[in-house]
């Protein structure tokens, strides 16, 4: 993805800065030369990146390394050996700056993994002394990390590694500063990077505006009247009103394998956690054509259908993902063989849509028909733009009831990328495609779009008149403080917008997440800081549990979040339980105990 399509206008939207503290810093020992070429490129196999020195203006350094990496699992990285012995308790500090020139990541950012590796006989062994994933946009971004060694380390037992992403990317990196401050300094004394984004201030105007919208659009007035058989009001009756299922989808990606596993303790905890904090699910991979096509004809969808029964029994709505991902990269390998035969290519895609809708007919509340046409359009280039309309029409014919979606990831990217997404959706609407909603993935990296931009873009896409859903949210960062702050702000902004109907996270547990660092729970099921933010919002702040007694007029009035409620009325030893739906325009129920 080219730089022009993904930059975030970071000058206005984002500041990443380093906290500089004034403590008396003792004499330090440099562990690297500080020269631009102190780290050398190495690949695991055939070299897949080029590295060259370039001049830099306007920064504290005058030279940088420019890396052009084609990606892949063996793309390698920059390596540097040390020549100093280190002691247990030494406080080390590493710092460098990076900027992205272009990246194929869905966040639009470049990504590197910093590791201070532990070596045994010259080979890396887990765990590293330090590991940090770093995402960065097209502005120079400083990364400064202090950490403490937990054991004595000989020079041959440690090295600095900056591994390249498995996505293709081009980026620049400054000389790396790596210093040993010894044992006379604490971690809190040293500079460290803090990610800032527009709207993160406690008094940012959007916060009060969002709370007002939540009050207006996500709540309703519930009136509970208690009378006797003649209609006479009964005062003093005990009443509870408990929200059972909020009228907003808090979802997660999952898998049939995990939902159906009855042997693993982790799987049981996984299901219990999922049922407690989520009400919508999407199968992460098994409905994708590349996976779907490899199932035997007589068993297609068998496990998925079995898992769907568990989801339905636990009151989940379910999304289908995805019918057509229109590139060679994300389609079955045999599809590219049809590139020179448009008629066969077209019919093969039609056959897959028919096959999936036949097997999974009536199973999904929502279904992504097309995924990521902005960046993945090999098929569209051959068959033409209008073919997308035909895919939607065929999907509607095979599945008359599910809401059909266009799904992409550029709503919050640059103007160019966001406008392309918008225009594709508008084209589908104007051409009569039965599109029922717009899904924005919202994969977030270390340089996130500001909250005012999020709201502005939601406003724009809302003018299309379709429901908006965040379909694959996660934050790929090792910075726990940043993840907690940004997750809270992002989902508050999304929840406050009247056109949004749900937000799905692309997983929640470290043991089953494509970016383990983004998970809400660690592998041992201890909850992470951003997980606490999420659970507090969805189970406490945005929840309604009322208990009271009827007034002299025989009424209880509750301002509650919209959704399905269980109402319990107790009077003179009699208890009546009713379930009702509270809507935004208000609901009244009369109960005779």
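The values are calculated or read from the model by the stated rules, or taken from the named source; none is laboratory data. All of these numbers come straight from a predicted model, not from anything done at the bench. Every residue, glycine among them, receives a Cβ derived from its backbone with ideal geometry; neighbour counts consider all protein chains shown.
Quick notes
- Restricting 471, 550, 492, 500 to those that are crowded, with 19+ Cβ neighbours inside 10 Å, over 30 Å from residue 221 (Cβ atoms) and not assigned by TED's automatic domain parsing to the domain that holds residue 106 reduces the list to 471.
- Condition check for residue 150: within 15 Å of residue 97 (Cβ to Cβ) and either in a strand (DSSP E or B) or assigned by TED's automatic domain parsing to the domain that holds residue 107 (or both): no
- Some residue of segment 353-360 being within 20 Å of residue 252 (Cα to Cα) and either assigned by TED's automatic domain parsing to the domain that holds residue 438 or in a loop (DSSP other than H, G, I, E, B) (or both): yes
Residue-wise test of (1) part of a strand (DSSP E or B); (2) touching a residue at least 24 places away in the same chain (Cβ under 8 Å).
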{"position": "183", "(1), (2)": "no, yes"}
{"position": "194", "(1), (2)": "yes, yes"}
{"position": "203", "(1), (2)": "no, no"}
{"position": "213", "(1), (2)": "no, yes"}
{"position": "226", "(1), (2)": "yes, yes"}
{"position": "235", "(1), (2)": "no, yes"}
{"position": "241", "(1), (2)": "yes, yes"}
{"position": "244", "(1), (2)": "yes, yes"}
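- Residues located in segment 393-409, provided they are in a loop (DSSP other than H, G, I, E, B) and free of Cβ contacts under 8 Å to residues at least 60 places away in the same chain: 399, 400, 401
- Within segment 379-392, being over 11 Å from residue 354 (Cα atoms) and assigned to a helix (DSSP H, G or I) holds for 379, 380, 381, 382, 383, 387, 388, 389, 390, 392.
- In the set (1) on the phi > 0 side of the Ramachandran plot; (2) outside any loop (DSSP other than H, G, I, E, B), residue 71 fails one condition alone, (2).
- A residue that is in the same structural domain as residue 515 (by TED's automatic domain parsing), part of a helix (DSSP H, G or I) and in contact with a strand residue (DSSP E or B) (Cβ under 8 Å, 6 or more places away or on another chain) occurs somewhere in segment 294-305.
- Residue count, segment 437-453 (criterion: under 14 Å from the mean Cα position of the chain (by Cα) and either under 14 Å from residue 498 (Cβ atoms) or outside any strand (DSSP E or B) (or both)): 7
- Qualifying residue in segment 155-164 (condition: surrounded by fewer than 17 Cβ atoms within 10 Å (Cβ to Cβ) and outside the structural domain of residue 485 (by TED's automatic domain parsing)): yes
- Within segment 455-475, the set of residues being part of a strand (DSSP E or B) and either over 19 Å from the mean Cα position of the chain (by Cα) or free of Cβ contacts under 8 Å to residues at least 12 places away in the same chain (or both) is empty.
- Residue within segment 39-58 that is assigned to a loop (DSSP other than H, G, I, E, B), at pLDDT 95 or above and within 27 Å of residue 123 (Cα to Cα) present: yes
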